[in-house]
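The values are calculated or read from the model by the stated rules, or taken from the named source; none is laboratory data. All of these numbers come straight from a predicted model, not from anything done at the bench. In this analysis, Cβ positions are derived from the backbone assuming ideal geometry, glycine residues included, and neighbour counts consider all displayed protein chains.
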Amino acid sequence: MKETILEILEQTGSLTTNQIITNLLVATVIAVCIYISYYLSHTGTIYSKKFNVSLVMLTILTAMVMTVIGNNVALSLGMVGALSIVRFRTAIKDSRDTAYIFWTIIVGICCGVGDYFVASIGTSIVFIIMLIFGRVKNDNRILLIVRGPRNEDKKIEGTIFEYFNHKANLKVKNTTESSIEYIYELTKKTYNKQLLNEESITDKLYKIKNIEYVNIVVQNDEISG
């Protein structure tokens, strides 16, 4: 029994130098495809050159790890234990980045064990999907922020609801003893229609006495922490 366990733990791969080089070269080629896909599917400030380069390196490193592990059970358990103490604290700016990380790891595993067909076909399918849907973005949120005297709250509310046909959604209402601040969320369609009016919402609100400020903020995918 003891001899059997030792045989299992001491199993090692019999990869040749050519096989190892081939594993890493295929991983590199597919990593470049992932790099191109990330570049095409991300625009503006949400695109990170450093993160894109990291995807390439992660693919190659994963392939290296899988090549080293091979079918050695003891080495694989040790590798799992070593990696379990590593903590990644890099903030993910886009939910799609998580999918790219999984993509690189899976490709690295496939190339490390020599399953190039699965890595190639899977990468081709994901590449096409990301090419088609990669630029899909969330609808922009338009916020209207108004601050003015507290005794004019009825006029402020009435002006906004009248201007936007009662479709402005009140999100925040802050008050002090002398002032009041509103934050309204507007739909893109409603806001764009009102832009065609002769008088803007800003001009209308400033006709109310002692309005401190009127801000219009557009939040989109490129504003992220």
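Points worth noting:
- Contact map, the range 156-177: first residue at positive phi, second residue of a type outside the set (S, T, N, Q), Cβ cut-off under 9 Å, separation 6 or more or different chains; pairs are N165/K193.
- Residues that are at pLDDT 60 or above, touching a helix residue (DSSP H, G or I) at 6+ places or on another chain (Cβ under 6 Å) and farther than 28 Å from L131 by Cα number at least 3 in the following helices (runs of 4 or more DSSP H) confined to the range 1-109: 49-69.
- Scanning the range 165-191 for residues that are at pLDDT below 85 and over 16 Å from V217 (Cβ atoms) returns N165, H166, K167, K189.
- Residue count for the range 202-214 under the criterion of being more than 14 Å from I180 (Cα to Cα) and surrounded by fewer than 12 Cβ atoms within 10 Å (Cβ to Cβ): the result is 2.
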